[in-house]
Amino acid sequence: MKGEASALKAYGLHVAVIGLLFALSFVLPPYHHGLVARIMVLATFAMGYNLLFGYVGLLSLGHAMFFAAGLYGAGLSVYHLGWSVPLAFAGGIGCGAVLALVIGLLALRTSGVAFMIVTMMFAQVFYLTILYFARWTGGDQGLVVPQGSRVMYLGGASFDLTNPAVRYRVALALFAIVLAVVLVLVRSGFGRVLVAIRENEERTKMLGFDTFANKLAAVIVSGTICAAAGAAYALLFGYVGSSFASVQYSILPLLWVLLGGAATALGPLVGTLAMYYVTDIASSYTSAWLLIVGVMLIVVVLFFPKGVLGTIRHRWLRWLP
């Protein structure tokens, strides 16, 4: 009974967060309306990263390539091939899933620091490949997806993704779906195996679990979620650029997850939201905004060592997933 009550509280909290985000779409001023839509897409990216880092304990510095695979898979198929929005979105997700499968098979032969370095090397190769094929990818400058191509047709209805209200609700729908998927996964037997691998992989092997297969599945799911966020970003915001494949975009989700709370379902949203708004507010007052961001991270490490939600769960609300 206690477990059921905790589950109801957890699901109720997450439904309330989705409801709050939906309500905000009617009251936010234009600037914040667009910013929160962007944050929800990037928080989805962070959720994909959190699945691997928070729940499996694998530190990757190459997740930008999965985000960029979805970004370019969707953006280039619309720009060069004239694909429809749903087909381009599916194509971007497919690119990320296939890439995650290949990278997982290779990178999971290592562990620890070696895994981190190998994923970073693969990501750098992906980034340089984008620059090399600048004729198609746009190189450093990137490509702007035409507005006329960003109209989605479903069941006889059309949805213009350049419309701020539509863009916000599509971003919210993506975030809500991925949040539900992550919640179901981490509370399932598969999720418990992932946590067991994080805590003690050798003991998990002794219990009869195929740890390599489970870690590979986690890499694929994580990469697919990140690719979905990348594909959505290209179609919603109309830009495809090589900066999204750089090492910076592999470090950012790590910071967002650490700030919000690793291995918490809503931690990526809290971390992304906090980092974006602190950066935005600080940069409007001073050119030394990185100093302010650094101080904030130090304060979080000192007073919230497990991240904001991770510390709240540890000290007060044990039922937080």
(request) Bin all alpha-carbon pair distances of segment 146-205 at 5 Å intervals from 0 and give each bin's fraction as a whole percent. (result) 4, 15, 14, 14, 11, 8, 9, 9, 8, 6, 3, 0
(message) Given an 8 Å cut-off on Cα distances and at least 6 residues of separation, report the relative contact order of the chain as a percent.
(response) 31
(message) If I build a Gaussian network model for the chain, linking alpha-carbon pairs within less than 10 angstrom, which residue out of S158, S250, S25 has the largest mean-square fluctuation?
(response) S158
(message) Of the candidates L108, L259, L52, which one comes out as most mobile in a Gaussian network treatment of the chain with C-alpha springs shorter than 10 Å?
(response) L108
(request) Wrap a convex hull around the Cα atoms of segment 247-321, take a quarter of its surface area, and give that in square nanometres. (result) 5.0
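Please tell me the relative contact order of segment 177-294 in percent, rounded to the nearest whole number, where contacts are Cα pairs under 8 Å and at least six residues apart.
13
Taking Cα pairs under 8 Å and at least six residues apart, what relative contact order does segment 63-197 come out at, in percent? Walk me through the numbers before you get to the answer.
Details: 95 pairs, mean separation 26.8, N = 135.
Dividing the mean separation by the residue count of segment 63-197 yields 20 percent.
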(request) For segment 92-238, would you read off the P(r) tail past 27 Å as a percentage of all alpha carbon pairs? (result) 39
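For segment 178-241, which chymotrypsin sites (Phe, Trp or Tyr not before Pro) pass both filters: DSSP loop (anything but H, G, I, E, B) and at most 13 other C-beta atoms within 10 Å?
Passing both the DSSP loop test and the Cβ count: no residue.
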(message) Please check: in the Gaussian network model of the chain (C-alpha springs, under 10 Å), which one of G91, G261, G189 has the largest mean-square fluctuation.
(response) G189
(request) Measure off 7 Å from each Cα along the Cα-to-Cβ vector at V144 and F190, then give the distance between these two points in nanometres to one decimal. (result) 4.1
(message) I need the P(r) histogram for the chain: all alpha carbon pairs, bin width 20 Å from 0 out to the longest distance, whole percents.
(response) 32, 60, 9, 0
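Per the Cauchy relation, a quarter of the hull surface: what is the mean projected area of the convex hull of the alpha carbons in segment 1-111, in nm²?
Values: hull surface 41.7 nm².
Averaged projected hull area, Cα only: 10.4 nm².
FYI, it's all coordinate maths here, none of it is from the lab. Note that the structure is predicted; figures quoted are calculated from it, not measured. Here the Cβ is made from the backbone with ideal geometry for all residues, glycine too, and neighbour counts use every protein chain on show.
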